[in-house]
1. With respect to the numbered conditions (1) part of a helix (DSSP H, G or I); (2) farther than 16 Å from Ser71 by Cα; (3) touching a helix residue (DSSP H, G or I) at 6+ places or on another chain (Cβ under 8 Å), which one is the sole condition not fulfilled by Gln20?
2. Need pairs with beta-carbon distance below 7 Å; first residue at positive phi and surrounded by 10 or more Cβ atoms within 10 Å (Cβ to Cβ) and within the stretch 7-19, second part of a loop (DSSP other than H, G, I, E, B) and aliphatic (A, V, I, L, M); sequence gap 6+ or separate chains.
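Laboratory data are not the source of any read-out in this text; all were calculated from the coordinates shown. All values derive from a computational prediction rather than experimental measurement. Cβ: placed from backbone, ideal geometry, glycine included. Neighbour counts: every protein chain shown.
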Amino acid sequence: MMLRWGVRTTIDLPDDLHKQALAIARDTHRTLSETVADLIRRGLSTGSVAAISTDPRTGLPLVSVGTVVTSEDVRALEDEQ
C-alpha cells in the first residue's frame, strides 16, 4: 500500500525506535512511512489516555501510549490472518 496523500512532516525518533520501525517495515514489505502511520493509528485507536511525563535531561514532554511492538509481534499477527 503506497500512501500518495497526506501531510509530509519531519519527526525526530530515538535510534532504538527508528531501528524497530525499520525492522517492522522490512519484515512486512512496507515503507517506513506506511509502517509508522500504521503504528500511530494503532496507538491512537487504543482509547487509552497517554501518560505524559517530562524528560529530565531535556525538559521536553514524553508521551507513553502503550507497549513496544516488535517484529515478532507483527509476525504473530500475520500468522493469524
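1. All conditions are met except number (2).
2. That search, which allows pairs on different chains as well, returns nothing.
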